[in-house]
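> If you scroll down you'll find the structure; I have some questions about it.
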Amino acid sequence: MDNIKESKSKVVYRGEREYKANMGDKTLTAVQYCEETYPTMMEEYKRIMWDQYEMFCKKQKNYGPGNISVGTNLETSDDIKLSLTGLWFRLNDKVQRLKQLVVMGHNDEVGESVQDTFQDLSVYGIIAQIVQNGKWGK
């Protein structure tokens with residue numbers, strides 16, 4: 001967590017680019033702008049993000065990193081490609097599920113809600129980035 005520092009009430013990411021917002025001469029980071037302009041939305045985003053982090057931790061406790069690394073140490077480009085291919089299949093399964101539930105209007109028959117499916121898509125996207133960055137299982 002080298003690029004994160006915590007303040008009393010929120011997580012602040014170091015290295016944010018500052019820009020001139022349309023608020024006079026006030027210079028704000030993107031986070032400051034969004035938190036001032038859309039406080040309810042930003043709090044909800046952080047709440048959802050934290051819920052997803054907790055779920056990710058619970059699943060890691062249950063499964064460990066081997067389900068994503070497919071039994072490899074993710075040391076070679078082929079290992080990483082295999083892992084990302086597995087993640088692609090998982091993501092595709094979730095997209096197909098959303099298609100059935102949202103687009104086709106089918107009822108849920110297995111107890112996995114639309115919200116659960118969106119959460120899984122978000123978490124798998126983050127996992128893929130961790131794998132690509134060479135940090136999975138470390």
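Read-outs: derived from the displayed coordinates by stated rules, not from any lab. Worth saying up front: this structure is predicted, and the values here are computed from it rather than measured. So basically every Cβ, Gly included, is an ideal-geometry build from the backbone, and we count neighbours across all protein chains shown.
> Output the qualifying pairs, or none if there are none: Cβ atoms under 8 angstrom, residues six or more apart or on different chains, first residue in the range 80-92 and in contact (Cβ under 8 Å) with a residue 40 or more places away in the chain, second residue hydrophobic (A, V, I, L, M, F, W, C) and surrounded by fewer than 17 Cβ atoms within 10 Å (Cβ to Cβ).
Final answer for the pair search is Ser83/Val70.
> Of a type outside the set (A, V, I, L, M, F, W, C), surrounded by 10 or more Cβ atoms within 10 Å (Cβ to Cβ), farther than 22 Å from Lys135 by Cβ and within 20 Å of the chain's Cα centre (by Cα): which single residue out of Lys81, Lys94, Lys59 fits that description?
The unique qualifying residue is Lys94.
> Only residues that are in a loop (DSSP other than H, G, I, E, B), among the hydrophobic types (A, V, I, L, M, F, W, C) and free of Cβ contacts under 8 Å to residues at least 24 places away in the same chain: list them for the range 94-138, please.
Met104, Val110
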